[in-house]
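Here's the structure we're looking at; comments come further down.
The values are calculated or read from the model by the stated rules, or taken from the named source; none is laboratory data. Since the model is a prediction, treat every value here as computed from it, not as a measurement. Because the Cβ atoms are built from the backbone with ideal geometry, glycine has one as well, and the counts that use them run over all protein chains shown.
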Amino acid sequence: MWKGFSHLLKKDVKMMLSGKFFLLALLSLILYSCYINFIYVNVDQENCRVYLYDPNNLCSAQSKYINRAHSRQELKTACSDRFSIGIDFSADPPEIYMLSSGAEKTDRYRAMWGEAVLTELTEEKPEIVGSYVKEERSRREITAEFLFFELSAVGFLGLASVLFKEKQMGVIRVHGILPVSKAAFILSKLCVFLWSDLIFTCLLTWINVGISDSLTILPAVLTQAGILSLIMSLTGFLCAVLLSDFKQFSLFYLILAVFASTPVFLAGQTGVSWKWLAWHPMHHLFTAMKSAYFGKTAASFPYYLVCIAAIAILFYGACHILAREAAKEG
Amino acid sequence: MEQLKYQLKNIRRDKLCILTFLLPVIVGIIIRFLPAMNFLGLSETSFGCVQNDLSKETISWLQSIGNLTEYETIETLKEGVNNPSTQMIGVLRRKNGIRTILSGDEFELYETIGKTLPQLYDMRADQPAFSKTISPVSEKSDKLKFLFIAMTLVTAMFMGCTFNSMNMISEKEEGTAFVNQILPMSMRSYLLQKLALGFLGGIVSAMVTAFLCIQTAAWQTSPLFLLVILSAYIASLVGLFIGHFSSGLMTGMVCIKIIMILFLAPPIIFYLTVSTDSAVYPLSYLFPSSAAFYGLMELLAGQMENLGLYLVILSIHAVLLTCLYFFIVAGKGSNRR
């Protein structure tokens, strides 16, 4: 049995090599890393700028938030971003001019801020409770999100594409008469994908979070990556056996990727919470992954229990369906 | 035209393909009948406090400038402030005023709010020395709904890309590509047919979705139509690129995945987090979907200040990609012939 298993493993690695799987994973890695390092870390939300039009030099306020405008028109143009605040000292009393941002509360704050900037504004030192600075947080956050997307995509698609190729080649039919168990057939695929996903996780984390920082979080991250990889690979396996061709499968996948993971990402990026998200299985996997990146106790005991149960059920389902398919193929 | 009929006949059997184009329409229907979602929370500052800590007056002051969430204990408040998904500022009572808690990883804007909030609070009773002119937004906006609509529309346009690339790759896998080579049909007309399929599908899907989701005024129709046409064209062209360069279904799928990320993620991230004046912002125009996305958001908000710019950017993308494609791919194809 184990001799057969090692052959199966070798065959699966070869299939992945010929499908340029590793090359594409490497390309994804480069793409994500470039995006994180060159674009995402620079993303910031700047302070509200205050534009002051003061032709008679009535205002003596000095502040780093104040920009001088030379005409009323310049003031108006500067404020057209619906974020900046204009203060016109040529009017009596001085006028705060701004375009509404669409949110009433924010507008009220902006007006208050505009007034306050003209007085002596002192910055207090607030109590800091977090352990990361902005760049660290951005790196961890986006790496968690990309990894989540990549693992759910690659495991799901990769395994399915290998299986579809085998289906075309008639491998399932041949397996029906080979002395290798169905479980070994599935296990070898799972092992290969699990390994490649774990290596991908390590590389992505090292490159984007930093080697020393990632050492402390990697054990937790790898655990979550392993769970996600197994669940998605098995789901991919089931779908690949059930659906008739890869085209159908890929369209189904697209639907899943866009409409199932978008709410999860939205919630993750913005902190918006919907009640129904608690019933979204991907949401829990995503939260656990993100917590792992932030070094928090990743998830509770019931979470792991549900994950293990899900993997077991999916594995059993995959064995069962593979046996049925092999019988159907004769 | 005759040939296009055969292509359409070919996809008619593929029910799932048709479903793909219908999918954004279905989502459009859901969005249409969804009750207004409250998205204002995203553009408003969020504050957190501990139950029974702040006075009623402070609470109503905080609620007048942002969203206030109450926590049971100081520990849960700190956890809330520390949550990496939010930019929450913790507010606690102090003698004659308030003090703030930050997590230290906030964007510059929220860091400044946290640092200056106590002083703003102290100044709240001062007599206003200014008159205020706040020009309102032209329409009452529900940004979350707009964001969903724009995302659905961009996805609808993207479907042409998926459809084209999958169509071409499966022809390669089934051997139809070889048959095509000996048919009396030029590479150019073959590519045009393929381009037309995804393009038409993308347009129909996006237009129906747009019709369902957006209550368009007469002046909005033509810019919207232009946006959809240009984006659907670019998407279907990108699909041809993928179809041409992918040797197998798997390579194709991974390419589609990467393109999908590039299509959907940057515009949303830029839209949500980067100010339009920022130096990084124009970088997002490198992705054709960004221009389409911003254009849609602007149309939805009832403006059209930068619409011309977005249309120009989309046209540049379309022209550049077309030239690139026909020089590299079609040129090579006709040489071989």
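The residue of segment A:65-82 that is farthest from the chain's Cα centre (by Cα), among those that are modelled with pLDDT of 80 or more and facing chain B (nearest Cβ under 10 Å), is A:76.
Restricting attention to segment A:114-127, the residues being out of contact with any strand residue (DSSP E or B) (no Cβ under 6 Å at 6 or more places or on another chain) and either at the interface with another protein chain (Cβ under 7 Å from one of its Cβ atoms) or β-branched (Val, Ile, Thr) (or both) number 7.
I'd like to check something: does segment A:113-121 contain any residue that is under 15 Å from residue B:133 (Cα atoms), touching a helix residue (DSSP H, G or I) at 6+ places or on another chain (Cβ under 9 Å) and surrounded by 15 or more Cβ atoms within 10 Å (Cβ to Cβ)? Yes, that holds for at least one residue.
Reported count of residues in segment A:128-143, each being among the hydroxyl-bearing types (Ser, Thr, Tyr) and at the interface with another protein chain (Cβ under 7 Å from one of its Cβ atoms), is 1. Applying a threshold of 8 Å to beta carbon distances and a minimum spacing of six or more residues, or different chains, the list of pairs starting in segment B:196-224 at a residue that is among the aromatic types (Phe, Trp, Tyr) and ending at one that is surrounded by 21 or more Cβ atoms within 10 Å (Cβ to Cβ) reads B:199/B:160; B:199/B:232; B:199/B:233; B:199/B:236.
Among the residues of segment A:99-111, the ones that are at pLDDT 85 or above and touching a Lys or Arg at 6+ places or on another chain (Cβ under 8 Å) come to 1 in all. Mind checking which residues of segment A:145-175 are aliphatic (A, V, I, L, M), modelled with pLDDT under 80 and touching a Leu at 6+ places or on another chain (Cβ under 7 Å)? Passing the criteria: none in range. Residues that are β-branched (Val, Ile, Thr) and more than 9 Å from chain A (Cβ to nearest Cβ) number at least 2 in the following helices (runs of 4 or more DSSP H) confined to segment B:209-301: B:218-245.
Checking each residue in segment A:47-62 for being surrounded by 14 or more Cβ atoms within 10 Å (Cβ to Cβ) and more than 8 Å from chain B (Cβ to nearest Cβ) picks out A:49, A:50, A:51, A:52, A:53, A:54, A:59, A:61. Among residues of segment A:1-14 being modelled with pLDDT under 80 and surrounded by 13 or more Cβ atoms within 10 Å (Cβ to Cβ), the one that is farthest from residue A:208 (Cα to Cα) is A:4. For segment B:53-150, the helices (runs of 4 or more DSSP H) that sit wholly inside it and include 1 or more residues that are in contact with a helix residue (DSSP H, G or I) (Cβ under 9 Å, 6 or more places away or on another chain) and among the aliphatic types (A, V, I, L, M) are B:56-65, B:108-122.
Inside segment A:69-108, residues that are among the β-branched types (Val, Ile, Thr) and either free of Cβ contacts under 8 Å to residues at least 24 places away in the same chain or out of contact with any helix residue (DSSP H, G or I) (no Cβ under 7 Å at 6 or more places or on another chain) (or both) make up a count of 3. For segment B:162-178, the set of residues classified as of a type outside the set (Asp, Glu), more than 10 Å from chain A (Cβ to nearest Cβ) and in contact with a helix residue (DSSP H, G or I) (Cβ under 9 Å, 6 or more places away or on another chain) consists of B:164, B:168, B:172, B:176, B:177, B:178, listed by residue number. Where helices (runs of 4 or more DSSP H) fall wholly inside segment A:1-102, the ranges with 2 or more residues that are outside the structural domain of residue A:151 (by TED's automatic domain parsing) and farther than 30 Å from residue A:156 by Cα are A:72-78. Scan segment B:95-109 and tell me whether some residue there is in contact (Cβ under 8 Å) with a residue 60 or more places away in the chain, facing chain A (nearest Cβ under 8 Å) and not basic (Lys, Arg). Yes. Evaluated against (1) within 7 Å of chain A (Cβ to nearest Cβ); (2) modelled with pLDDT of 80 or more; (3) part of a helix (DSSP H, G or I), residue B:42 falls short on exactly one condition, (2).
Is it the case that segment B:213-220 has a residue that's modelled with pLDDT of 80 or more, at negative phi and touching a helix residue (DSSP H, G or I) at 6+ places or on another chain (Cβ under 6 Å)? There is no residue in segment B:213-220 that is modelled with pLDDT of 80 or more, at negative phi and touching a helix residue (DSSP H, G or I) at 6+ places or on another chain (Cβ under 6 Å). When segment A:1-46 is filtered for residues that are within 13 Å of another protein chain (Cβ to nearest Cβ) and of a type in the set (D, E, K, R), the ones remaining, listed by number, are A:20, A:44, A:46.
Per-residue answers, yes or no, for (1) at pLDDT below 85; (2) surrounded by fewer than 17 Cβ atoms within 10 Å (Cβ to Cβ); (3) within 36 Å of the chain's Cα centre (by Cα); (4) over 24 Å from residue A:135 (Cα atoms):
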residue: B:73; (1), (2), (3), (4): no, yes, no, yes
residue: B:90; (1), (2), (3), (4): no, no, yes, no
residue: B:98; (1), (2), (3), (4): no, no, no, yes
residue: B:103; (1), (2), (3), (4): no, no, yes, no
residue: B:108; (1), (2), (3), (4): no, yes, yes, no
residue: B:117; (1), (2), (3), (4): no, no, yes, no
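For segment A:109-146, a tally of residues being under 16 Å from residue A:47 (Cβ atoms), in contact (Cβ under 8 Å) with a residue 12 or more places away in the chain and outside any loop (DSSP other than H, G, I, E, B) returns 8.
Here residue B:62 meets the list (1) touching a strand residue (DSSP E or B) at 6+ places or on another chain (Cβ under 7 Å); (2) surrounded by fewer than 21 Cβ atoms within 10 Å (Cβ to Cβ) almost entirely, failing just condition (2).
For segment B:302-322, filtering for residues that are in a loop (DSSP other than H, G, I, E, B) and of a type in the set (S, T, N, Q) leaves 2. Looking at A:196, A:233, which one is more than 14 Å from chain B (Cβ to nearest Cβ), modelled with pLDDT of 75 or more and either touching a helix residue (DSSP H, G or I) at 6+ places or on another chain (Cβ under 9 Å) or assigned to a helix (DSSP H, G or I) (or both)? None of the other options fit; the residue is A:233.
Within segment B:231-242, residues that are closer than 14 Å to residue B:326 by Cα reach partners that are basic (Lys, Arg) with beta carbons closer than 7 Å, at six or more positions or on different chains, in the pairs B:240/B:194.
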